[in-house]
């Protein structure tokens with residue numbers, strides 16, 4: 001099973017920058033604004049680091065374990081979900097063997113007790129390396145004879161043909177054009193201009 005979500009930040013690089021700031025703090029030669037410029041970070045960050053460094057030294061600036069909220073599903077939960085999905089939808093009591101996002105959300109709720117919106121379930125599935133698939137075969141309910149009958153009898157009757165529609169012209173010189181109708185209402189010949 002693949003790692004559920006990839007890290008979005010370089011925690012080692014961030015820690016290296018904070019350690020570099022700690023060395024600059026201990027040297028005592030640079031102002032916080034200059035440290036911020038040299039490390040390409042905001043002044044607020046440098047001030048926060050400085051306050052932490054004053055209280056706990058360089059150890060207070062060690063790397064963070066992770067960013068953001070902890071995921072609600074553990075690795076064990078994700079592994080169990082992957083196994084449940086591989087067993088098929090029919091094994092979970094669904095009428096067809098097709099997985100949909102609401103069905104997966106229901107399985108997650110039954111397995112772990114966690115409730116997810118079906119729209120968010122897709123993120124979890126991508127983390128498990130699942131992708132969207134379409135069925136390779138036709139529906140079992142498909143009635144080929146009824147389809148052929150409809151194509152032979154009903155389609156010719158309902159199909160529009162070019163003869164059914166009127167003449168389609170966008171020319172302004174046609175008798176039915178708006179310009180010709182307006183000229184006729186004003187009592188002028190069609191081509192006559194007024195100055």
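Structural remarks
- Within segment 105-124, the set of residues being farther than 12 Å from residue 73 by Cβ and outside any helix (DSSP H, G or I) comprises just one member, 117.
- The one condition from (1) under 30 Å from residue 12 (Cα atoms); (2) at pLDDT 90 or above that residue 65 does not meet is (2).
- Within segment 69-99, the set of residues being touching a residue at least 12 places away in the same chain (Cβ under 8 Å) and either outside any helix (DSSP H, G or I) or over 13 Å from residue 127 (Cβ atoms) (or both) comprises 71, 72, 73, 80, 84, 89, 92, 98, 99.
The values are calculated or read from the model by the stated rules, or taken from the named source; none is laboratory data. Quantities reported herein were computed from a predicted structural model and do not represent experimental measurements. With ideal geometry, Cβ positions are generated from the backbone for all residues, glycine too; neighbour counts draw on all protein chains shown.
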